[in-house]
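Working notes, beginning with the structure itself.
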Amino acid sequence: DAKTTQPPSMDCAEGRAANLPCNHSTISGNEYVYWYRQIHSQGPQYIIHGLKNNETNEMASLIITEDRKSSTLILPHATLRDTAVYYCIVIRIQGAQKLVFGQGTRLTINP
Amino acid sequence: DVKVTQSSRYLVKRTGEKVFLECVQDMDHENMFWYRQDPGLGLRLIYFSYDVKMKEKGDIPEGYSVSREKKERFSLILESASTNQTSMYLCASSVSSPPNGYTFGSGTRLTVV
């Protein structure tokens, strides 16, 4: 499975867009990019995923570069409740597989 | 609302005790996973199962075993609890083919004294 690299921490002002980068330069053609977040003392929560097209849902947007070697998770109007650790993970399309979590990005939303 | 339920939120056990952590999912998912999470080490996979009665070792299986007798239930067993197994334990489930994603339980914080 491809590995991912994320900055260890980021800050963002409340109400502004939070842009979280992820590098996955060894991603292969049959692998999706997934984003999860973990709020303190809770289990990780699914946010969004994509293969090669940009995606948007009620929580966030995902921008994947054309070469698929990196992606950006966008929280358009960050709130204090978005303070969490955000994980970018690469997962194969088919078959049973384990999630390999890196250290993630600790995002702090400031009032 | 579909979910993964872990039987205990907090648990305190004594060294040497046999400990059972239970996880139940109501989504008819094929795959189930047990992770532990420690400060500075992130989430680490202990065991996973892709079918009833099937199991695979993860990255840190030592000191643990698992049981999956029914599709919806995946149990993590600490044969003889030790203080270095004090941790947050997280269960997750998924279908065999993403992209539906993985669903995690709320976690069990185990303290071994």
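Coordinate-derived values only; no laboratory data. Bear in mind the structure is a predicted one, so any value in this text is a computation, not a measurement. We place every Cβ from the backbone using ideal geometry, glycine too, and count neighbours over all the protein chains shown.
Scanning the range A:62-73 for residues that are crowded, with 19+ Cβ neighbours inside 10 Å and over 13 Å from the mean Cα position of the chain (by Cα) yields a single hit, A:Arg68.
Restricting attention to the range B:35-54 and to residues that are surrounded by fewer than 18 Cβ atoms within 10 Å (Cβ to Cβ) and not aliphatic (A, V, I, L, M), the residue that is farthest from the other protein chains (Cβ to nearest Cβ) turns out to be B:Lys53. Once the range B:21-34 is narrowed to residues that are within 8 Å of chain A (Cβ to nearest Cβ) and outside any loop (DSSP other than H, G, I, E, B), the residue that is surrounded by the fewest Cβ atoms within 10 Å (Cβ to Cβ) is B:Asn31. Given the condition in contact (Cβ under 8 Å) with a residue 60 or more places away in the chain, surrounded by 15 or more Cβ atoms within 10 Å (Cβ to Cβ), within 26 Å of B:Val4 (Cα to Cα) and more than 14 Å from every other protein chain (Cβ to nearest Cβ), answer yes or no: does some residue in the range A:98-106 qualify? No: the range A:98-106 contains no residue that is in contact (Cβ under 8 Å) with a residue 60 or more places away in the chain, surrounded by 15 or more Cβ atoms within 10 Å (Cβ to Cβ), within 26 Å of B:Val4 (Cα to Cα) and more than 14 Å from every other protein chain (Cβ to nearest Cβ).
Screening B:Ser93 against (1) surrounded by 14 or more Cβ atoms within 10 Å (Cβ to Cβ); (2) farther than 30 Å from A:Asn53 by Cα; (3) more than 9 Å from every other protein chain (Cβ to nearest Cβ) leaves a single unmet condition, (2).
Scanning the range A:42-73 for residues that are assigned to a loop (DSSP other than H, G, I, E, B) and touching a Leu at 6+ places or on another chain (Cβ under 6 Å) turns up A:Gly43, A:Ala60. The residues of the range A:20-61 that are more than 12 Å from chain B (Cβ to nearest Cβ), farther than 16 Å from A:Ile74 by Cβ and buried (at least 19 other Cβ atoms within 10 Å of the Cβ), listed by number, are A:His24, A:Ile27. Would you confirm whether or not the range B:63-84 contains a residue that is buried (at least 22 other Cβ atoms within 10 Å of the Cβ) and within 30 Å of A:Gly50 (Cβ to Cβ)? Yes, because at least one residue in the range B:63-84 is buried (at least 22 other Cβ atoms within 10 Å of the Cβ) and within 30 Å of A:Gly50 (Cβ to Cβ). Selection of strands (runs of 3 or more DSSP E) fully inside the range B:41-113 by the criterion of at least 1 residues being more than 22 Å from A:Val100 (Cβ to Cβ) and touching a strand residue (DSSP E or B) at 6+ places or on another chain (Cβ under 8 Å) returns B:64-70, B:73-78, B:108-112.
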